[in-house]
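What follows is a short report on a single structure.
The values are calculated or read from the model by the stated rules, or taken from the named source; none is laboratory data. Just so you know, these numbers come straight off a predicted model, no measurement behind them. In this analysis, Cβ positions are derived from the backbone assuming ideal geometry, glycine residues included, and neighbour counts consider all displayed protein chains.
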Amino acid sequence: MIRKILTLAALLVSAGIAGFSQEEGTSELIQPSEWWRVHPRPVYATLEHVGTYQEWFEVYRLAEGAYAIYEPNQFEEAISYLALGSERGVLIDAGTGIGDIRQVVEELTDLPVSVVLTHEHYDHIGGAYRFDEIAAPSNPAGLEVLARGRDNASLQGYITDDYLWKPLPEGFDGATWTIPPVQPTQLLDDGDIIDLGGRTLEVIETPGHSPAHVCLLDRENRLLWTGDHFFPGPLYAFGGDVTIDDYIASNKRLEGLLDQFDYVLAGHNDPWVESDVIRRVSEAFQAIANGTAEYSEDDGLRRYFFQGFDVLIRAEMVEEMSS
Ligand SMILES: [Zn+2]
């Protein structure tokens, strides 16, 4: 359990405070009151907005055949992505499940679309059950979560007033909301290629944020989908499903691929971040280990501040990193 944090002043002025998934409830360090003051995030004014029927979603066209499907009204600010080839498309992550993401996809393309999940957290899998074909990382820990789904009680904390900027969509009933179990029709391993016709996505296993996490690399179009490995917000490097050594090693691996992609398409907050940020995440972990990075701390939980992202980590983990 994360204890309440009392020192908020620094956090309230820092950008990128949302985009956090957790099982054990929120602390003020992670979710300041009125988190929605981050809106409008500046990047969206530079992107091509695409209208949709449902107000719950905002859709942006990022590049040829690449769309961001954004849920700005709920604290996670989840972003799912539609990637289209000439033959078919994939929905990369499926959001919270609060709106009907399949309807959005069908507004954007007539091609057959299957789901590819980067990992098993609720705000990435919520709408997956609406699709017939679902690919997910083969790691058993993730599959177990998918097979269980999420019951109504476990989701109530994500639709409280302080989680919501604007009202829930009409027709959505929080009292009966669940995330149905999903059975993947395809299991993903490192190096697998997802061929969409004229566009391929390569699976890169990136454990750390969760054991089963994968990123997807589109070499032809020089894009990397990062799920929750990286997003421009407070990266979650403690507790829960996190293994810090794996996280750092996964980031090093992505850093080794920096000549292959120009933009990072992240699972929360902003969908279009220059790839150099991956190098800076490695530097950030190094600075944390060296004791040269700035942070706020309360009850052993630290939030380290960097340009464009933060890192949440516990003090004792930092000591282990340094030793
Ligand atoms: Zn996650």
On the basis of being under 30 Å from residue 45 (Cβ atoms) and away from the ligand (no atom under 16 Å from the Cβ), does residue 265 make the cut? no
Only residues in region 44-65 that are among the basic types (Lys, Arg) count as the first member; pair them with residues that are surrounded by fewer than 17 Cβ atoms within 10 Å (Cβ to Cβ) and part of a strand (DSSP E or B), Cβ under 7 angstrom, at least 6 apart or cross-chain, and list the lot. 61/48; 61/50
Determine which member of the set 296, 275 is within 17 Å of residue 238 (Cα to Cα) and of a type in the set (S, T, N, Q). 296
Could we say that residue 254 is within 16 Å of the ligand (Cβ to nearest atom) and not basic (Lys, Arg) here? no
Note: among 197, 171, just one is out of contact with any strand residue (DSSP E or B) (no Cβ under 6 Å at 6 or more places or on another chain) and at pLDDT below 95, namely 171
Pairs under 6 Å by beta carbon, first residue aromatic (Phe, Trp, Tyr) in region 280-309, partner part of a helix (DSSP H, G or I), six or more apart or different chains? 285/248; 304/288; 306/284
Which one of these is under 23 Å from residue 240 (Cα atoms), surrounded by fewer than 19 Cβ atoms within 10 Å (Cβ to Cβ) and of a type in the set (Gly, Ala, Ser): 128, 141, 136? 141
Just wondering, is there one or more residues in region 150-157 that are within 16 Å of the chain's Cα centre (by Cα), of a type in the set (D, E, K, R), surrounded by 13 or more Cβ atoms within 10 Å (Cβ to Cβ) and within 16 Å of the ligand (Cβ to nearest atom)? no
When the residues of region 180-191 are filtered to those that are aliphatic (A, V, I, L, M) and part of a strand (DSSP E or B), which remaining residue is nearest to the ligand (Cβ to nearest atom)? 188
Taking only region 215-236 into account, find how many residues are within 12 Å of the ligand (Cβ to nearest atom) and closer than 21 Å to residue 145 by Cα. 5
Among the residues in region 297-319, are any part of a strand (DSSP E or B), on the phi > 0 side of the Ramachandran plot and surrounded by 22 or more Cβ atoms within 10 Å (Cβ to Cβ)? no
Just to be sure, is residue 177 of a type outside the set (A, V, I, L, M), away from the ligand (no atom under 12 Å from the Cβ), crowded, with 18+ Cβ neighbours inside 10 Å and outside any loop (DSSP other than H, G, I, E, B)? no
Of 249, 287, which residue is surrounded by 15 or more Cβ atoms within 10 Å (Cβ to Cβ), more than 16 Å from the ligand (Cβ to nearest atom) and not in a loop (DSSP other than H, G, I, E, B)? 287
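This table checks each residue for (1) under 15 Å from the mean Cα position of the chain (by Cα); (2) more than 21 Å from residue 190 (Cα to Cα); (3) among the aromatic types (Phe, Trp, Tyr).
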site	(1), (2), (3)
234	yes, yes, no
237	yes, yes, no
241	yes, no, no
248	no, no, no
254	no, no, no
267	yes, no, no
273	yes, yes, no
281	no, yes, no
Kindly check whether there is at least one residue in region 192-212 that is within 18 Å of residue 309 (Cβ to Cβ), away from the ligand (no atom under 13 Å from the Cβ) and part of a loop (DSSP other than H, G, I, E, B). no
Subset of region 118-168, residues among the basic types (Lys, Arg) and not in a helix (DSSP H, G or I), comes to 150, 166
Cβ-Cβ under 7 Å, sequence separation 6+ or interchain: first residue in region 249-273 and more than 25 Å from residue 125 (Cα to Cα), partner buried (at least 16 other Cβ atoms within 10 Å of the Cβ) and hydrophobic (A, V, I, L, M, F, W, C). Which pairs? 255/278; 257/217; 258/278; 260/217; 261/217; 261/223; 261/224
